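In what follows, a structure is listed as structure tokens, so that the remarks can point back to it.
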Amino acid sequence: MTELEKLDAGLEYDFWDSEVDARKLHAIEGCARLNAIPVTEGAAREAAIRALFGAAGRNPTVLPVFCCDNGRNIYVGDNFLTNYNVTILDIAPVRIGDHVMIGPNTLITTVNHPLSPRRRRQHIGQAKPVTIGRDVWIGGGCTILPGVTIGNNVVVAAGAVVTRDVPDNCVVGGVPAKVLRAIPDDTAED
């Protein structure tokens, strides 16, 4: 298998491989274009988002400075908003539902590396997808780690580090994030 085939299969791969690196170059160029467009030029920014992401629903808003690892592995629903300084390391797919807001200085990452220094010297990475449901608000300064699924109608408190799956209809917070309380889903009539 090529390193890219290993990456796409969820296996360990060499992140210095030229094919893997080509995906990063696409993202670096796409992010540079997006970040260079003034926030007041909504139509141009939306076109740049659509060129960078794998898919975007209606009304995507991505404020500067935005960074990602691939771009084509990001799939967002309607009314998506990222505030300033958001990074999505989408080596594996990141799927985000409708009506999701991501606070400033947040990191969503799908990539991990071995604990072994010898394996890290060999440039080994492994990626696991991240899924975020609908009606989710991720507060400022949060970190969402590889392989995590966040349910629908969830609030992730500012500064939380989400290391495991989060059920629907709750507030989570802390390091590592834990369920703090349940919240109602009042969208039934929408």
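The values are calculated or read from the model by the stated rules, or taken from the named source; none is laboratory data. Just so it is clear, the structure is predicted and the values come from calculations on it, not from any experiment. Neighbour counts are summed over all protein chains in view; Cβ atoms, including those assigned to glycine, are modelled from backbone coordinates with ideal geometry. Please note that ligands, DNA and RNA were not included when accessible areas were found on the heavy atoms of the full protein model with its side chains. Shrake-Rupley method; radii C 1.70, N 1.55, O 1.52, S 1.80 Å.
Tell me, yes or no, whether region 42-56 has at least one residue that is at positive phi and in a loop (DSSP other than H, G, I, E, B).
The first filter runs over region 42-56 and keeps only residues at positive phi, leaving none.
No, region 42-56 has no match at all.
Would you confirm, using the coordinates I've provided, whether Gln126 is more than 21 Å from Asn59 (Cα to Cα), over 13 Å from the mean Cα position of the chain (by Cα), buried (at least 17 other Cβ atoms within 10 Å of the Cβ) and touching a residue at least 12 places away in the same chain (Cβ under 8 Å)? Criteria met by Gln126. Would it be correct to say that Pro176 is within 30 Å of Asp17 (Cβ to Cβ) and outside any strand (DSSP E or B)? No: the conditions fail for Pro176. Which ones in region 33-58 are surrounded by 12 or more Cβ atoms within 10 Å (Cβ to Cβ), free of Cβ contacts under 8 Å to residues at least 24 places away in the same chain and farther than 13 Å from Arg72 by Cβ? Residues satisfying the conditions are Arg33, Ile37, Gly42, Ala44, Arg45, Glu46, Ala47, Ala48.
If you take the residues in region 174-190 that are within 16 Å of His99 (Cβ to Cβ) and hydrophobic (A, V, I, L, M, F, W, C), which one is modelled with the lowest pLDDT?
Residues of region 174-190 within 16 Å of His99 (Cβ to Cβ): 183-190.
Still in the running and hydrophobic (A, V, I, L, M, F, W, C): 183, 188.
Details: Ile183: 97, Ala188: 73.
Only one residue tops the list, namely Ala188.
Within region 1-25, residues that are over 18 Å from Cys68 (Cα atoms) and without any contact (Cβ under 8 Å) to a residue 12 or more places away in the chain have Cβ atoms under 9 Å from residues that are among the aliphatic types (A, V, I, L, M) and surrounded by 12 or more Cβ atoms within 10 Å (Cβ to Cβ) in these pairs: Met1/Leu11; Glu5/Leu11, counting only partners at least 6 apart in sequence or on another chain.
Of the residues that make up region 67-79, is at least one within 18 Å of Gly10 (Cα to Cα), part of a loop (DSSP other than H, G, I, E, B), in contact with a helix residue (DSSP H, G or I) (Cβ under 9 Å, 6 or more places away or on another chain) and among the small types (Gly, Ala, Ser)? Yes, region 67-79 has at least one match.
For (1) closer than 30 Å to Asp14 by Cβ; (2) β-branched (Val, Ile, Thr), each residue gets a yes or a no:
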residue	(1), (2)
Pro117	yes, no
Arg120	yes, no
Gly125	yes, no
Pro129	yes, no
Ile138	no, yes
Ile144	yes, yes
Val148	yes, yes
Gly159	no, no
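Considering only residues that are β-branched (Val, Ile, Thr) and either in a strand (DSSP E or B) or open to solvent by 60 Å² or more (accessible area, probe 1.4 Å) (or both), which ones fall in region 80-101? Show your work before the answer.
Of all residues in region 80-101, those β-branched (Val, Ile, Thr) come to 82, 86-88, 91, 94, 96, 100.
Scanning region 80-101 gives Thr82, Val86, Thr87, Ile88, Val94, Ile96.
Among the residues of region 100-142, those identified as aliphatic (A, V, I, L, M) and out of contact with any His (no Cβ under 7 Å at 6 or more places or on another chain) are Val100, Met101, Ile102, Leu107, Ile108, Val111, Leu115, Ala127, Val130, Ile132, Val136, Ile138.
Going by the structure shown, is Arg181 open to solvent by 40 Å² or more (accessible area, probe 1.4 Å), more than 30 Å from Val39 (Cβ to Cβ), in contact with a strand residue (DSSP E or B) (Cβ under 8 Å, 6 or more places away or on another chain) and part of a strand (DSSP E or B)? Spell out the reasoning first.
Values: open to solvent by 40 Å² or more (accessible area, probe 1.4 Å): yes; more than 30 Å from Val39 (Cβ to Cβ): yes; in contact with a strand residue (DSSP E or B) (Cβ under 8 Å, 6 or more places away or on another chain): yes; part of a strand (DSSP E or B): yes.
Taking the combined requirement at face value, the residue satisfies it.
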